[in-house]
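Single-structure report; data block below.
What follows is calculated from the coordinates using simple rules that are stated; it is not laboratory data. Everything quoted here is computed from the prediction, not taken from an experiment. Quick reminder, even Gly has a Cβ in these numbers, built from the backbone with ideal geometry, and neighbours come from all protein chains shown.
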Amino acid sequence: MRINKYIASAGFASRRKADRLIADGNVKINGEILREPGYEVMPGDVVHVNNRVIKPKTRHTYVLLNKPMGYITTMQDEKGRPTVMELVQAVDARIFPVGRLDYNTEGLLILTDDGDLAYRLMHPKHKVTKTYRALVAGDLSRERQAQLRKGVDIGGFITSPAKVEIVKVKGRSTIVDITIHEGKNRQVRKMFSAVGNPVQGLVRTAIGELKLGRLAIGHYRKLTKDEIEYLKNM
Ligand code: URA
């Protein structure tokens, strides 16, 4: 990329101003003042403007998918099962899923090509909350709700306090919203099994304040500017 365009795409100045900065000797490539206005920036070049390193802003893609049951959350599957990537084929970017949802879990899945954001959303230290709506077998008694809120043993791991809200009783099952901030393998299923109410259906409805909303199953949309800002500041 030509140096003036590089400076402009870093959001530092217009191309015209960039040319001025170059002419005035305020641009350095790898520590040396640049004398050549048509310089093509090479991968690995370090560009300074006014003695500060600059990097061009790359535009990332952020997609929110309502994952259906029966899709695996990986780029490929050696067993040939359908992957979520098949649902976002039309997206013109090298996006990948942020974290996992089980094969049989539905709901909110973010896909992006922003590695930094993906890393931050997944790292346990950031305690990003995830809300699920679960259909569980039987009646979730007050005692069992209290156990889930306090923390349960899911095979050598005691879960952190969770938010638990009964939505309604449906026949012999119960619909319940649960919010956790950990991401152990099959955690929600294991938590409900631990108190004796196995999960019959599971949908992730939110990550932090980012909501699945009314998006149809199997459909996706791009995140809005505000949603992207929100995730970045989480
Ligand atoms: N917890 C589960 O058990 N399954 C998921 O897919 C996500 C959270």
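Overview of values
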{"quantity": "Sequence-separation-based contact order of the chain, relative, with Cα cut under 8 Å and 6+ spacing, percent", "calculated": "19"}
{"quantity": "Segment 129-207, relative contact order [Cα under 8 Å, separation at least 6], %", "calculated": "47"}
{"quantity": "Approximate shape of segment 142-211 as ellipsoid semi-axes (Cα gyration tensor, √5λ), whole Å, largest first", "calculated": "17, 16, 12"}
{"quantity": "The chain: antiparallel DSSP beta bridges as a percent of all, rounded to 5", "calculated": "90"}
{"quantity": "Candidates A206, A118, A13, ranked by Gaussian network fluctuation over the chain, Cα under 10 Å, top entry", "calculated": "A13"}
{"quantity": "Simple Cβ-charge dipole of segment 141-234, Lys/Arg +1 and Asp/Glu -1, about Cα centre, in debye nearest 20", "calculated": "320"}
{"quantity": "Cβ-derived FRET efficiency at R0 22 Å, K55 paired with A23, nearest 0.05", "calculated": "0.50"}
{"quantity": "Coil-residue GluC sites (Glu not before Pro) of segment 9-110, DSSP, other Cβ within 10 Å capped at 14", "calculated": "E78"}
{"quantity": "G107 long-range amide H proximity, modeled H, under 5 Å", "calculated": "K67, R204"}
{"quantity": "Selected from I33, I110, I158 as most flexible by GNM, with the chain as the system and alpha-carbon contacts under 10 Å", "calculated": "I33"}
{"quantity": "Efficiency of FRET between M122 and I158 - r from beta-carbon atoms, R0 35 angstrom, step 0.05", "calculated": "0.95"}
{"quantity": "Loop-located chymotrypsin sites (Phe, Trp or Tyr not before Pro) in segment 122-208, at most 14 other Cβ atoms within 10 Å (DSSP)", "calculated": "F157"}
{"quantity": "Mean separation of Cα contacts under 8 Å, 6 or more apart, over the residue count of segment 68-173: relative contact order %", "calculated": "18"}
{"quantity": "log₁₀ of I(q)/I(0) at q = 0.09, 0.13, 0.18 Å⁻¹ - the chain, Debye sum with one point per alpha carbon", "calculated": "-0.53, -0.83, -1.25"}
